[in-house]
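Novice: Pasting a structure here, questions to come.
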Amino acid sequence: MLIDCHTHVWDVDKHLGQEMISDFSRVWGGSIESLKATPEVHEKAMSKVDKAIVLAFKSLFLKINVPNEYVAEYVDKFPDKLIGFCCIDPNQPDATAELKKCIQDLHMKGLKISPIYQNFDPNSDRAYKLFELAQELEIPVLIHQATTFIRRAPLKYAYPSLLDDVATNFSDLKIILAHLGHPWEDEAIVLVRKHPNVWADISTLTSRPFRLYHKLMTCMEYRITDKLLFGTDFPFSTPEKTISDLLKLNKIVRRTSLPKIPVNIIKNIIYENPVKLFGKL
């Protein structure tokens, strides 16, 4: 079974805000057309996967709002294929009430939060209230504990090691680190090995093949490859491209004495590991 653990859906003009759009253009130098991720575009891109997690996105700080209702309405059209994760900003006064509504009324299956986008300390009281409720509701939490291209987003809240106490204090909470904590992958790897309740997705990392190769070797040494999850971060990549890039990753060490990543490990990341965690959602 193929599950894409990290995808987005949004209307660029209505939901992302000018700050994100302008910084994307400044850093990446590309057209905002590449950000297009309407439900119609998403549906076509996910045609080859069996299931896909679809994320809402909310930041009061950066004026980004992909509403939970927007995602839930789309997911409800394909309930056997799409899995909706709400996004709650811990800084909103009704954060816990909104989370309960999303899970109980909108039938969403998980929570997405982003300290660097939402400008909050993951060890703050506000964050802990959300973690406590998520643990009580028995839902997984996907956390963007990684960098971003947006200028005002605070790096001080992005380091994966900040989740060490969170994982300890909420040991029954399933935590997934987005993007393997890029560019602090080693911190993320240590965290995944240390805590039984922490996993990581590898979305967008295939665009940096040598870096990904090196970090997968570290994951092999730390014996955590079974906790790595396939994801694309659509619209930034697609399932076809990400799978292709993963399967040809060993080409970068061809004609060298460097070891190859075993193909069975790569295939398990794509086809097996996500099913163990998300197959029953």
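Novice: Tyr128 fails exactly one of the following numbered conditions: (1) among the hydroxyl-bearing types (Ser, Thr, Tyr); (2) over 30 Å from Leu212 (Cα atoms); (3) touching a Ser or Thr at 6+ places or on another chain (Cβ under 9 Å). What is the number of that condition?
Specialist: Checking Tyr128 against (1) among the hydroxyl-bearing types (Ser, Thr, Tyr); (2) over 30 Å from Leu212 (Cα atoms); (3) touching a Ser or Thr at 6+ places or on another chain (Cβ under 9 Å), the one that fails is (3).
Novice: Could you check how many residues of region 147-181 are closer than 20 Å to Asp89 by Cβ, without any contact (Cβ under 8 Å) to a residue 40 or more places away in the chain and under 14 Å from the mean Cα position of the chain (by Cα)?
Specialist: Final tally of qualifying residues: 4.
Novice: Further question: With crowded, with 16+ Cβ neighbours inside 10 Å, more than 18 Å from the chain's Cα centre (by Cα) and of a type in the set (A, V, I, L, M) as the only criterion, which of Leu55, Leu35, Leu62 stands out?
Specialist: Leu62 is the lone residue from the list that is crowded, with 16+ Cβ neighbours inside 10 Å, more than 18 Å from the chain's Cα centre (by Cα) and of a type in the set (A, V, I, L, M).
Novice: Mind checking which residues of region 22-32 are at negative phi and either among the small types (Gly, Ala, Ser) or surrounded by 16 or more Cβ atoms within 10 Å (Cβ to Cβ) (or both)? Even if it seems obvious, please write down each step before you answer.
Specialist: Of region 22-32, the ones at negative phi are 22-28, 30-32.
Within region 22-32, Ser22, Asp23, Phe24, Ser25, Gly30, Ser31 meet the criteria.
Novice: In addition: Tally time: how many residues in region 189-200 are crowded, with 21+ Cβ neighbours inside 10 Å and not hydrophobic (A, V, I, L, M, F, W, C)?
Specialist: Going residue by residue through region 189-200, those that are crowded, with 21+ Cβ neighbours inside 10 Å are 189, 191-192, 198-200.
With the extra rule that they be not hydrophobic (A, V, I, L, M, F, W, C), the set shrinks to none.
Counting residues in region 189-200 that are crowded, with 21+ Cβ neighbours inside 10 Å and not hydrophobic (A, V, I, L, M, F, W, C) gives 0.
Novice: Cβ-Cβ distance below 8 Å, separation of 6 or more or different chains: which pairs start in region 115-142 with a residue that is without any contact (Cβ under 8 Å) to a residue 12 or more places away in the chain and end on one that is surrounded by 15 or more Cβ atoms within 10 Å (Cβ to Cβ) and charged (D, E, K, R)?
Specialist: Matching pairs, first to second residue: none at all.
Novice: List every residue pair whose Cβ atoms lie under 7 Å apart, where the two residues are 6 or more positions apart in sequence or sit on different chains, the first residue falls within region 260-277 and is farther than 21 Å from Met217 by Cβ, and the second residue, located anywhere, is in a helix (DSSP H, G or I).
Specialist: Final answer for the pair search is none.
Novice: Follow-up. Among (1) of a type outside the set (Gly, Ala, Ser); (2) modelled with pLDDT under 95; (3) outside any helix (DSSP H, G or I), where does Ile252 come up short?
Specialist: (3)
Novice: Here are some residues: Tyr157, Tyr128. Which one is buried (at least 19 other Cβ atoms within 10 Å of the Cβ) and out of contact with any strand residue (DSSP E or B) (no Cβ under 7 Å at 6 or more places or on another chain)? Show your work before the answer.
Specialist: Values: Tyr128 fails: buried (at least 19 other Cβ atoms within 10 Å of the Cβ).
From the options Tyr157, Tyr128, the qualifying one is Tyr157.
To keep it simple, each residue is scored yes or no on (1) in contact with a His (Cβ under 7 Å, 6 or more places away or on another chain); (2) hydrophobic (A, V, I, L, M, F, W, C); (3) buried (at least 18 other Cβ atoms within 10 Å of the Cβ); (4) closer than 20 Å to Arg151 by Cβ.
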site	(1), (2), (3), (4)
Ile83	no, yes, yes, no
Ala97	no, yes, no, no
Gly110	no, no, yes, no
Ser114	yes, no, yes, yes
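Novice: Next question. Going through region 84-139 one residue at a time, which ones are among the aliphatic types (A, V, I, L, M), part of a helix (DSSP H, G or I) and under 14 Å from the mean Cα position of the chain (by Cα)? Write out each step before concluding.
Specialist: Initial filter on region 84-139 (among the aliphatic types (A, V, I, L, M)): 88, 95, 97, 99, 103, 106, 108, 111, 113, 116, 127, 130, 133-134, 137, 139.
Now drop any that are not part of a helix (DSSP H, G or I), which leaves 95, 97, 99, 103, 116, 127, 130, 133-134, 137.
Selection gives Ile116 alone.
Novice: Looking at (1) touching a helix residue (DSSP H, G or I) at 6+ places or on another chain (Cβ under 7 Å); (2) not in a loop (DSSP other than H, G, I, E, B), can you tell me which one Lys267 breaks?
Specialist: All conditions are met except number (1).
Novice: Going by what's in this entry, would Asp186 be described as surrounded by fewer than 19 Cβ atoms within 10 Å (Cβ to Cβ), in contact (Cβ under 8 Å) with a residue 12 or more places away in the chain, farther than 21 Å from Leu62 by Cα and of a type in the set (Asp, Glu)?
Specialist: yes
Here's the yes/no breakdown for (1) more than 18 Å from the chain's Cα centre (by Cα); (2) surrounded by fewer than 22 Cβ atoms within 10 Å (Cβ to Cβ); (3) polar (S, T, N, Q):
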position	(1), (2), (3)
Arg208	no, yes, no
His214	yes, yes, no
Tyr222	yes, yes, no
Phe234	no, no, no
Leu247	yes, yes, no
Arg255	yes, yes, no
Ile261	yes, yes, no
Ile265	yes, yes, no
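The values are calculated or read from the model by the stated rules, or taken from the named source; none is laboratory data. Because the structure is predicted, anything quoted here is derived from the model rather than measured. Quick reminder, even Gly has a Cβ in these numbers, built from the backbone with ideal geometry, and neighbours come from all protein chains shown.
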